[in-house]
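Taking it in order: structure first as structure tokens, then the write-up.
The values are calculated or read from the model by the stated rules, or taken from the named source; none is laboratory data. As the structure is a computational prediction, the values presented were derived from the model and not from experiment. Counting neighbours? That spans all protein chains shown, and the Cβs are built from the backbone with ideal geometry, glycine included. Just so you know, the surface numbers come from the protein's heavy atoms only, side chains and all, with ligands and any DNA or RNA stripped out. Shrake-Rupley method; radii C 1.70, N 1.55, O 1.52, S 1.80 Å.
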Amino acid sequence: KSISLNQNISNFEREFEKSLKNLNRDKIYSLMFHNAKDLKRKNIEKFIFLLENFKKKKIIYKYGLSAYELDDVEYACKNFNFEIFQIPINLFNLSSIELKKILNLKSKYKLELHGRSLFLQGLITNKDKRLPRKFNIIETNRDLLLKEAKLNNLNPSHLIMNKIDNLNVIDVAIIGLENIKNYREMITYKKKKLKKNNTNYYIHDKKITDPRRW
């Protein structure tokens, strides 16, 4: 297994160098693990050592983990010197308990946190998308969100971004775009004071809010 890991490291270095060359870059901002299970592999410290060398050579600025579960973020914080994380975060999958846990982790470990899946792969904002019956609760919450957007004279995506922005929980939002219209919509975003609304959009069922389980 040790030989296998060494081979993986060698392959990774070669592919990473190739990627930098293809991108015409001599350095990038960050590298992230994309499977939390890798952090529990035997001799994973050898891989971490490689990333530390990348930092020392200023090939990367930070390394961390793209995760789904907060427990994986917490494990990485306790066991490694990770500085940057990426998690799915939106109005439908974020409870008050999870929000508090994220803010505590950020404060304790001085993390840089990137949020992805802000629009739950477009289900939150696309009112014309027909969904299977099991997603009825998403349609119900989406209708409430559309009403709140109209009340604030905002398009749904800008309302969502404002509400997440106001939580002060992520440092960077990672947003997927389908077309030039989406792009133009995103670059016109401005933070705005919203009218008071006590609607809780959180959905407890992860079979609904976690795309891996669809």
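Before moving on, here are some points about what is shown:
- Taking all protein chains as shown and a probe of 1.4 angstrom, Asp210 keeps an accessible surface of around 10 Å².
- Taking all protein chains together and rolling a 1.4 Å probe, Leu144 ends up with roughly 70 Å² accessible.
- 3J(HN,Hα) along the stretch 130-143, derived from phi through the Karplus expression 6.51 cos²θ - 1.76 cosθ + 1.60 where θ = phi - 60°, amounts to 7, 10, x, 4, 5, 9, 4, 5, 5, 5, 5, 5, 5, 4 Hz, with x in place of Gly and Pro.
- Qualifying trypsin sites (Lys or Arg not before Pro) for the stretch 169-198 [loop in DSSP, other Cβ within 10 Å: at most 11]: Lys190, Lys191, Lys193, Lys195, Lys196
- Accessible surface computed residue by residue for the stretch 43-171, with neighbouring protein chains in place and a 1.4 Å probe, gives 52 Å² per residue.
- Proximity of backbone amide H atoms, modeled 1.01 Å from N, is registered between Glu112 and Ile84, Phe85 at under 5 Å, excluding neighbours fewer than 5 places apart on the same chain.
- Between 0 and 90 degrees, the angle of helix 96-109 with respect to the longest Cα principal axis of the chain falls at about 30 degrees.
- The stretch 112-190 - convex hull of the alpha-carbon atoms, volume per residue in Å³: 107
- 5 angstrom amide H check on Phe33, placed H, neighbours 5+ away: Gly64, Leu65, Ser66
- Cα-derived Rg over Rh, computed across the stretch 43-159 with Rh taken as Kirkwood radius: 1.10
- The Rg/Rh ratio for the chain, using Cα coordinates for both the radius of gyration and the Kirkwood hydrodynamic radius, is 1.01.
- The stretch 50-79 and the stretch 162-214: distance between their alpha carbon centers, rounded to Å: 25
- Solvent-accessible area of the stretch 107-214 (1.4 angstrom probe, protein heavy atoms only): carbon and sulfur portion equals 49 percent.
- Helix axis angle, 156-165 relative to the chain longest principal axis, alpha carbon, degrees: 60
- Take every pair of alpha-carbon atoms less than 8 Å apart whose residues are at least six positions apart; their mean separation over the length of the chain yields a relative contact order of 17 percent.
- Cα-based helix-to-principal-axis angle, 2-23 vs the chain, degrees rounded to 10: 60
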